[in-house]
Amino acid sequence: MDTLLRSEIFIMTLVIGVYMACVWLYRKTRLGLLHPLLLSIPLLAVIIRLLDIPYEDFERGSRIINFMLGPTVVSLGYLLYEQKEHLKANGVSIITSVIVGSVVGILSVVLIARLMGADRTLIATLQPKSVTTPIAMSIAERSGGIPSIAAVVVILVGIFGGIVGPFILDKMGIESKIARGLALGSAAHGLGTARAMELGALEGAISGLAIGVMGIATAILVPIIELFV
């Protein structure tokens, strides 16, 4: 029985099954607190604990899902190609806004965390909160943070941004599709981009671009900001 529970086929089936069940529940209720990622993560944690599956076995069994995270982000390049005319016309403003957003995002975390008495390790962990998970974990580890906590923070930020982001943009009267896509991609990375795709093709493409630019900008700016702040 232990062999079955620790097998890759069982773990993959468990992860996909739990996630699909959460998607079904979310579509039925449309409640933000029942977002599939927000619900499936603790649910999987409870199931793994009850079945006494070691984390190492779970990580190994779900490695395909982890591997697909990279290609999934790269596939956003097709959307960018379809919207290349918009990108050419707004290239400077797009890059500038994302870089400014990266600086504001990093500084806000550092200053707020310090005011609340956070230690150096926690600050380093929280700094890359607005970039996609693999990049955030790498930046956090390099800065002396805790990659696993950084991953959790990134997911929570993405869920919050994907749910609340469009509402805030509507309330602020921001109608530009490019601005909306940039905001969701820069602040809420992959999950924000998924939400942007629901809004439209242009929003999704720009949001996908924002993920890449935000990741590069944050990776470069974090060490620089650490020298002065």
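The values are calculated or read from the model by the stated rules, or taken from the named source; none is laboratory data. Keep in mind the model is a prediction, meaning the values are calculated, not measured. FYI the Cβ positions are ideal-geometry reconstructions off the backbone, even for glycines, and counts take in every protein chain you see.
Quick notes on this structure:
- ILE220 being modelled with pLDDT of 90 or more, surrounded by fewer than 17 Cβ atoms within 10 Å (Cβ to Cβ) and of a type outside the set (Lys, Arg): yes
- Filtering segment 126-151 to residues that are touching a residue at least 24 places away in the same chain (Cβ under 8 Å), farther than 15 Å from LEU221 by Cα and assigned to a helix (DSSP H, G or I) leaves THR133, PRO134, ILE149, ALA150.
- You will find that of LEU80, LEU111, LEU115, LEU107, the residue that is assigned by TED's automatic domain parsing to the domain that holds ALA194 and under 15 Å from GLU203 (Cα atoms) is LEU80 and no other.
- Qualifying residue in segment 32-47 (condition: in contact with a Cys (Cβ under 7 Å, 6 or more places away or on another chain), buried (at least 17 other Cβ atoms within 10 Å of the Cβ) and polar (S, T, N, Q)): yes
- Residues that are in contact (Cβ under 8 Å) with a residue 60 or more places away in the chain and in contact with a Gly (Cβ under 6 Å, 6 or more places away or on another chain) were ranked within segment 159-173; the one that is surrounded by the fewest Cβ atoms within 10 Å (Cβ to Cβ) is ILE163.
- There is no residue in segment 141-149 that is modelled with pLDDT under 90 and buried (at least 21 other Cβ atoms within 10 Å of the Cβ).
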